[in-house]
Structure formats: structure tokens, C-alpha cells
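Asker: Sharing a structure, written as C-alpha cells. Questions coming.
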Amino acid sequence: MALTGAVTEDDLVAQHSPLMSPLVWDLAHIANQEELWLVREAGGRPGLRPDLDHLYDAFRTPRADRPALPLLGPAEARAYVAEVRSQTLEVLAAADTSPDQQERLLADGFVFGMLAQHEQQHDETMLATHQLRQGPPVLDAPEPPQAPADAAALPPEVLVPGGPFTMGTSTEAWALDNELPAHTVDVPAFWLDTTPVTNGAYLEFIAAGGYRDPAWWTPEGWRHVQEEGLEAPQFWSRDGETWVRRRFGHVEPVPADEPVLHVCWYEADAYARWAGRRLPTESEWEKAARHDPAGGRSRRYPWGDADPGPEHANLGQRHLRPAPAGSYPAGAAPSGARQLIGDVWEWTASDFAPYPGFEAFPYKEYSEVFFGPEYKVLRGGAFGVDEVASRATFRNWDYPIRRQIFAGFRTARDAGPGEGAAAEHTRRPGGEGA
Ligand SMILES: [Fe+2]
């Protein structure tokens, strides 16, 4: 409501980028999915507007075509949202959502968790639409906390010991199908950047001619850079000798100590090669974020099993920018890595693929149709991601050319012989949970 209430009615129905829906489409789509899955499917009710399904089915209507559809207007969309929500609350009040409920959609309140995450994922998409929108600022939020005193003295990289760990989950009640099931993956020791790569470090890549030297790019990445004329992250421009960026309508100097944002996978990959490093694989990233060598098991978050609080991570659109690199010491992983959750999504080296034993639930279009080499996995969530859609097992994916998402990255390298081998190799992972 805050994201749609911040702009005029004309703005709500306008398409601010061919990559995005009009904001009013997202609004009614959130309600339509809630009607479809919670009111009709789980609640067994006839529903309110099955006639709208085709307009708000993301698979039947590509984003670029949505403005031409006979969509609900802003007032109708808001009324529809309110009517669906009132039925939703009735269904939930009457439903048995205990863990031993036989209907899988209702057990542990899964359908509620799924739709809460769906709504919040659209809120993140709508925030990205706001970032693409031209015009003066309409959103406001407090600044993130200042970097802690030790931020400047942190080691540039941390060692993650080698050995097997439990990847994915079979115990997280609201995990989505692509996070399941838990399985053992052997990950050799590696070094990982303590924090995401900063604007300051990325500026060195630009200044060193990184965008003009094909040596750092994959052939597809180099072709893309040439075709699009890329020379800096999206929303950056030069003001004389300095780089400035446009952030939700504010034009400001690029802050050197903040994680770099709005880079595509090709840019992240090229930077890593230029730095003599590489992107971490998805399993490396998850091991760094979940595995607790002391307890010998995988946890829900880098800091443990507790839900994220404002002391752990920059999530929930609480702030409209990443916090400085080195922030959130309370959210650090056992290795000492910081900001794995929140601030910026982190590109990984990996394609989006199913885990062994994957089963689509509750519908194939959630994940299964996206598996394959054309999508790269992102991990960790960003400042625009809500806590309900944030877990160290949560998987995001996108095309390697996409930059409008709130994505940055960190880099990794293999450990040398004898580094981080430890006693881990002799021990089997203890699974998840306590
Ligand atoms: Fe959706």
C-alpha cells in the first residue's frame, strides 16, 4: 500500500520500463494469487473473480504486454485486494494449520507462508519499478546504521573449511520447493570476501579499463557489453570527474564504502576475473552462510537459527540502500563473513538447477520451468527483501544480463594445499536443526 500510495493514479497504470509491470498490475496480481491459492484451493471457496485469472497469470501475459490488457484500475484493484484479504482472514481463522494436517497446503500454514512470500517478492519487484521510474523522489526511509568501528580493519577475506555440509532444507516449514530437500554436499576449503564488493573497489575496475578489455569477460559477456555500451553499473553517470548515481529519484555521489549494486552477472564475473578471483558457487555461498563448524550442522542463518532482527541484517525496505561494507557484526557467519543476508543479492557462479530429489510444489511454474543454464542463482536477499522471504536456503535466479534487480556480489578463491582442511573431512555433517 505504501508503494502504490506514493504515486499518482497515472503513475500506477504507467509502464516505467518494458521489464516491469504497471504497479497496479502487481497490486491486483497479489490479490489474485491469494484468491487462487488460499481462498479457492486451500479454503475450498468459489472465490471472487475467477474471470480475472487470465489477466493476472504471469505466464500467460508477458510483462511488456500487461499495459495493453483491460486491467482493473487503481480503485478497483484496491477494492479487490480488500475483498480477497477479508475472505483470506476468514479461511485462516477456520483452518487447521497444524503440522500434522494432511492437506500439504495447510500443514504448518504453508499456503499462508507461500503467499506472504509471494506478496513480499512483488513488493521487492515494485520497489525495483520505483527505482526505474523517472521523476522526483516519492519514497523515504531512514539511513542505515553507520559502519561499525572495526569495519575498516576487517580481513579482506575469510577461510571456509573444507568438508561436507547439509545444503537445502527438509525442516523449514515455509521453504519453497526449490530449497528442498536437505542433502549432503562436499565443499573443498575456499576463501570468501568478508563483505560484498564495494563501489570503491568496483571503481578501480572501471578506472583500470575493465569495461574495455575483453580479457576479463566471457565471450557472451563481452558481446553484451559491446552491444549495450556498458561502462558502469546501471543508474550511474559521470558528473565531471566524479561518478554519481540515481537512487529512487535522488542523484548523489557514489558512496565508496557501500556494496556495489545494479550490476549484471557478466559484470560481477568480469570483476572477479580482473581481481584474480572468481564468483563463489551456490554451494560455497550456502556453506559460508549456514554451516557451523563448531556445532557440525547447518543453521537457518549465518548468525544461528533466530529470525532476522534489525541488528542482524538490512532487510524489509527499512532502509532504501545497502549499509556500508562491514556493517551488522551481530549477523556475521562463524567464518567472520558479514552481510551474507540482506543489503544486496549476491550473484553466484552457478546455474539454477534442482536439488537431488526435487519435487514441484504446489505448481511447476514456481521453479521447475526455470531450471537450466540460462539462469544464474543469486543468494542472500537485499534491503528490498522482507524477512519472510529471507533464509540462508532461499534461492533467487535471473538472466545474466539483468541489472534492475538489487544485486551485487562477493568473490572467492580456492584454498591452498593444507589450508582449511582441518578435521572436518573425518566428520559427517550433522544435518539441520538442533
Ligand atoms: Fe507473482
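The values are calculated or read from the model by the stated rules, or taken from the named source; none is laboratory data. Predicted model, so just to flag it, every value in this text is computed and none were measured. As a convention, Cβ positions derive from the backbone with ideal geometry for all residues, glycine included, and neighbour counts pool all protein chains shown. Calculation scope for accessible area: heavy atoms of the full protein, side chains included, ligands and nucleic acids excluded. Shrake-Rupley method; radii C 1.70, N 1.55, O 1.52, S 1.80 Å.
Asker: When only residues in the range 1-11 that are more than 16 Å from the ligand (Cβ to nearest atom) and part of a helix (DSSP H, G or I) count, which is least open to solvent (accessible area, probe 1.4 Å)? Break it down into steps so the answer makes sense when it comes.
Answerer: Going residue by residue through the range 1-11, those that are more than 16 Å from the ligand (Cβ to nearest atom) are 1-2, 5-11.
Then drop every residue that is not part of a helix (DSSP H, G or I), which leaves 2, 5, 9-11.
On the way: Ala2: 82, Gly5: 56, Glu9: 99, Asp10: 121, Asp11: 24 Å².
Filtering the range 1-11 for residues that are more than 16 Å from the ligand (Cβ to nearest atom) and part of a helix (DSSP H, G or I), the one least open to solvent (accessible area, probe 1.4 Å) comes out as Asp11.
Asker: Here is a follow-up. Does any residue of the range 26-35 turn out to be within 23 Å of Asp140 (Cα to Cα), in contact (Cβ under 8 Å) with a residue 40 or more places away in the chain and of a type in the set (A, V, I, L, M, F, W, C)?
Answerer: As a first pass, look at the range 26-35 and keep what is within 23 Å of Asp140 (Cα to Cα): 26-27.
Filter once more, so that each one left must be in contact (Cβ under 8 Å) with a residue 40 or more places away in the chain: 26-27.
Remaining after also requiring of a type in the set (A, V, I, L, M, F, W, C): 27.
Scanning the range 26-35, I find at least one residue that is within 23 Å of Asp140 (Cα to Cα), in contact (Cβ under 8 Å) with a residue 40 or more places away in the chain and of a type in the set (A, V, I, L, M, F, W, C), so the answer is yes.
Asker: Only residues that are of a type in the set (D, E, K, R), modelled with pLDDT under 95 and open to solvent by 40 Å² or more (accessible area, probe 1.4 Å): list them for the range 382-431, please. Before you say what the answer is, go through the steps one by one.
Answerer: Filtering the range 382-431 for residues of a type in the set (D, E, K, R) gives 386-387, 391, 395, 398, 402-403, 410, 413-414, 419, 424, 427-428.
Next cut, modelled with pLDDT under 95 only: 419, 424, 427-428.
Once the filter is applied, which keeps residues that are of a type in the set (D, E, K, R), modelled with pLDDT under 95 and open to solvent by 40 Å² or more (accessible area, probe 1.4 Å), the range 382-431 yields Glu419, Arg427, Arg428.
Asker: Applying the selection to the range 118-137, what residues are within 19 Å of Glu252 (Cα to Cα) and either within 14 Å of the ligand (Cβ to nearest atom) or in a loop (DSSP other than H, G, I, E, B) (or both)?
Answerer: Ala128, Arg133, Gln134, Gly135, Pro136, Pro137
Asker: Moving on to the next point. Looking only at the range 149-165, which residues are in contact (Cβ under 8 Å) with a residue 40 or more places away in the chain and either of a type in the set (A, V, I, L, M, F, W, C) or crowded, with 16+ Cβ neighbours inside 10 Å (or both)? Lay out the reasoning, then the answer.
Answerer: Taking the range 149-165 and keeping what is in contact (Cβ under 8 Å) with a residue 40 or more places away in the chain, we get 150-152, 154-155, 157-165.
Listed by number, the residues that qualify are Ala151, Ala152, Leu154, Glu157, Val158, Leu159, Val160, Pro161, Gly162, Gly163, Pro164, Phe165.
Asker: So which residues in the range 238-259 are among the small types (Gly, Ala, Ser) and over 21 Å from Leu127 (Cα atoms)? Step through it out loud before you land on a result.
Answerer: Filtering the range 238-259 for residues among the small types (Gly, Ala, Ser) gives 240, 249, 256.
Gly240, Ala256, listed by residue number.
Asker: If we scan the range 279-288, do we find a residue that is among the small types (Gly, Ala, Ser), surrounded by 22 or more Cβ atoms within 10 Å (Cβ to Cβ) and within 20 Å of the chain's Cα centre (by Cα)? It would help to see each step written out before you state the result.
Answerer: The first filter runs over the range 279-288 and keeps only residues among the small types (Gly, Ala, Ser), leaving 283, 288.
Subsequent filtering for residues that are surrounded by 22 or more Cβ atoms within 10 Å (Cβ to Cβ) retains 288.
From what is left, the residues that are within 20 Å of the chain's Cα centre (by Cα) are 288.
Within the range 279-288, one or more residues are among the small types (Gly, Ala, Ser), surrounded by 22 or more Cβ atoms within 10 Å (Cβ to Cβ) and within 20 Å of the chain's Cα centre (by Cα).
Asker: Among the residues of the range 12-43 satisfying the criterion of being of a type in the set (Gly, Ala, Ser) and either buried (at least 22 other Cβ atoms within 10 Å of the Cβ) or under 18 Å from Glu103 (Cβ atoms) (or both), which is farthest from the ligand (Cβ to nearest atom)? Don't jump to the end; show me each part of the working.
Answerer: Pass one, the range 12-43, residues of a type in the set (Gly, Ala, Ser): 14, 17, 21, 28, 31, 42-43.
Then drop every residue that is not either buried (at least 22 other Cβ atoms within 10 Å of the Cβ) or under 18 Å from Glu103 (Cβ atoms) (or both), which leaves 21, 28, 31, 42-43.
Values: Ser21: 10, Ala28: 11, Ala31: 11, Ala42: 17, Gly43: 19 Å.
The residue in question is Gly43.
Asker: Are there any pairs with C-beta distances below 7 angstrom linking a residue in the range 76-99 that is within 17 Å of Leu115 (Cβ to Cβ) and open to solvent by 50 Å² or more (accessible area, probe 1.4 Å) to a residue that is outside any helix (DSSP H, G or I) and of a type in the set (A, V, I, L, M), with the two at least 6 apart or on different chains, and if so which?
Answerer: Partner pairs satisfying both residue conditions: Glu83/Leu48; Thr97/Leu106.
Asker: Being open to solvent by 30 Å² or more (accessible area, probe 1.4 Å), at pLDDT 95 or above, of a type in the set (D, E, K, R) and farther than 30 Å from Pro356 by Cβ: is that true of Glu220 here? Outline the logic, then answer.
Answerer: Details: open to solvent by 30 Å² or more (accessible area, probe 1.4 Å): yes; at pLDDT 95 or above: yes; of a type in the set (D, E, K, R): yes; farther than 30 Å from Pro356 by Cβ: no.
No.
Asker: Go over the candidates Ala64, Ala82 one by one and state the one that is farther than 28 Å from Val344 by Cα and away from the ligand (no atom under 15 Å from the Cβ). Don't jump to the end; show me each part of the working.
Answerer: On the way: Ala64 fails: farther than 28 Å from Val344 by Cα.
Answer to the check: Ala82.
Asker: Would you say Lys376 is more than 28 Å from Leu105 (Cα to Cα) and either surrounded by fewer than 21 Cβ atoms within 10 Å (Cβ to Cβ) or in contact with a Phe, Trp or Tyr (Cβ under 6 Å, 6 or more places away or on another chain) (or both)? First the steps, then the outcome.
Answerer: Details: more than 28 Å from Leu105 (Cα to Cα): yes; either surrounded by fewer than 21 Cβ atoms within 10 Å (Cβ to Cβ) or in contact with a Phe, Trp or Tyr (Cβ under 6 Å, 6 or more places away or on another chain) (or both): yes.
Yes: the conditions hold for Lys376.
Asker: Which numbered condition in (1) assigned to a loop (DSSP other than H, G, I, E, B); (2) within 16 Å of the ligand (Cβ to nearest atom) is the only one that Ala141 fails?
Answerer: Failed condition: (2).
Asker: Related question: Please go through the range 229-240 and give me each residue that is touching a residue at least 24 places away in the same chain (Cβ under 8 Å) and either more than 19 Å from Gln404 (Cβ to Cβ) or of a type in the set (Asp, Glu) (or both), ordered by number.
Answerer: Residue satisfying the conditions is Glu231 alone.
Asker: Here is a follow-up. What are the residues in the range 64-74 that are open to solvent by 70 Å² or more (accessible area, probe 1.4 Å) and either farther than 16 Å from Asp51 by Cα or β-branched (Val, Ile, Thr) (or both), if any? Reasoning before the result, please.
Answerer: Looking only at the range 64-74, we keep the residues that are open to solvent by 70 Å² or more (accessible area, probe 1.4 Å), and these are 65, 68, 70.
The answer is Asp65, Ala68.
Asker: Among the residues of the range 270-277, is there at least one that is at pLDDT 95 or above, under 21 Å from Arg338 (Cα atoms) and not small (Gly, Ala, Ser)?
Answerer: From the range 270-277, those at pLDDT 95 or above are 270-277; that's our starting set.
From the residues that got through so far, the ones that are under 21 Å from Arg338 (Cα atoms) too are 271-272, 275, 277.
Next, only the ones that are not small (Gly, Ala, Ser) stay: 271, 277.
The answer is yes, given that some residue of the range 270-277 is at pLDDT 95 or above, under 21 Å from Arg338 (Cα atoms) and not small (Gly, Ala, Ser).
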